[in-house]
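Coordinate-derived values only; no laboratory data. For clarity, every value in this text was computed on a predicted model and none was experimentally measured. Counting neighbours? That spans all protein chains shown, and the Cβs are built from the backbone with ideal geometry, glycine included.
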Amino acid sequence: MAPRVLSSSNVSLEGTEIRVKESFPFFIACYVEGRPKPKITWLKDGENIDEIIENNDEVSLSDDNQILDFKFAKKKYEGKYECNVKNRVGHIQPFTNVIIEGLSNTNLVITIVSFTIIVIILFSFVIILVIRIKKNKNIRNDMLQLELFLFQEGNVGKLNKECTIEEQAELLPYDHAFEVERENITLGKQLGAGAFGRVLLAQVKGLNGKESPTRCAVKMCKFEYDKAHLRALIMELKIMIHLGKHLNIVNLLGAHTSNIDKGELWILVEYCKYGNLLKFIQRGKAQFINQIDPVTSDIDVGRTSPFPNDPLSATSLGYGIEYVFGRNIITFAIVIVLYLFLMI
Ligand SMILES: Nc1ncnc2c1ncn2[C@@H]1O[C@H](COP(=O)(O)OP(=O)(O)OP(=O)(O)O)[C@@H](O)[C@H]1O
């Protein structure tokens with residue numbers, strides 16, 4: 001059977017055209033059939049292809065010479081490619097014209113211009129982003145400065161007599177006389193934890209001019225970067241400073257505030273060896289335990305003043321009376337009697 005070109009080829013007896021973009025890969029396929037199996041050789045512009053293929057990684061023959069493969073389209077590969085197919089019975093020579101399309105000048109200009117525009121846009125974006133970040137950082141710094149200023153100085157002029165101190169505690173100033181250096185505080189075991197803070201036992205040197213270390217309880221935020229918790233602790237500290245000392249409350253001994261911008265605020269208060277009042281009562285130290293409502297006897301026990309005429313407000317007692325009983329067992333008895341009296 002004489003050789004015949006199959007339709008899957010991209011060469012034909014009448015000739016075809018293959019257009020390829022420069023630097024793209026392409027191939028010329030000359031699939032044939034015939035019996036005996038035809039032999040295939042290739043010509044480029046009438047010359048044997050061997051010269052091009054020899055020592056050239058970019059051009060190769062495969063599939064019994066049926067495929068001529070080009071890794072990159074280059075101008076030098078442009079031309080007429082003939083596929084010489086021969087067997088004993090016949091001979092055919094299908095061919096194709098390969099045209100390599102380079103980037104036209106206009107295309108090149110468009111590419112360069114678009115690239116430049118993209119670079120300029122990206123660059124502007126980066127600049128705008130940097131300016132924004134810087135601006136936000138400045139705003140944040142200003143806000144931090146403002147918050148720190150409010151913490152230190154407060155804004156007493158804005159206090160409203162019709163509101164409770166608890167509602168406007170932020171406006172109260174901080175008293176630097178309470179400041180204790182970090183190196184004077186040695187933290188110990190945890191005594192307990194509240195809604196937003198935890199309390200640790202500590203030894204503090206140089207408190208009230210004393211040489212020997214003072215045992216105290218240090219209250220700090222559970223999570224240093226939680227602003228809401230820090231704010232609550234600041235309010236607690238300011239209220240304690242505002243209240244001043246009193247026999248029946250757990251008094252403020254000092255505070256470590258120099259790292260407050262990093263969320264670190266420690267409040268040093270008197271240590272109460274019996275801890276929390278509710279737990280103390282629940283442990284069965286008081287014989288009338290059954291008469292106390294377990295719900296209202298939590299923090300509210302401290303918030304209801306057992307001394308109606310006490311100059312300290314109910315709020316003030318809320319910050320300390322829970323722990324007072326460890327210090328003074330007689331006061332404890334008086335408070336419980338008064339509490340029962342008030343309950344009736
Ligand atoms: N001065 C103190 N002496 C001994 N233990 C204390 C002292 N202060 C607090 N504790 C212990 O730490 C626990 C937590 O105290 P904290 O004041 O943080 O919480 P709270 O008053 O119960 O709750 P909240 O944080 O809502 O006010 C208490 O229950 C108590 O066991």
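Once the chain from Lys189 to Tyr225 is taken as fully extended at 0.36 nm per residue, the excess over their C-alpha distance is 10.8 nm. Distance between the C-alpha centres of region 150-200 and region 21-38: 87 Å, rounded to the whole angstrom.
With a cut-off of 10 Å between beta carbons, the residues surrounding Gly263 carry a summed charge of -2, where Lys and Arg count +1 and Asp and Glu -1.
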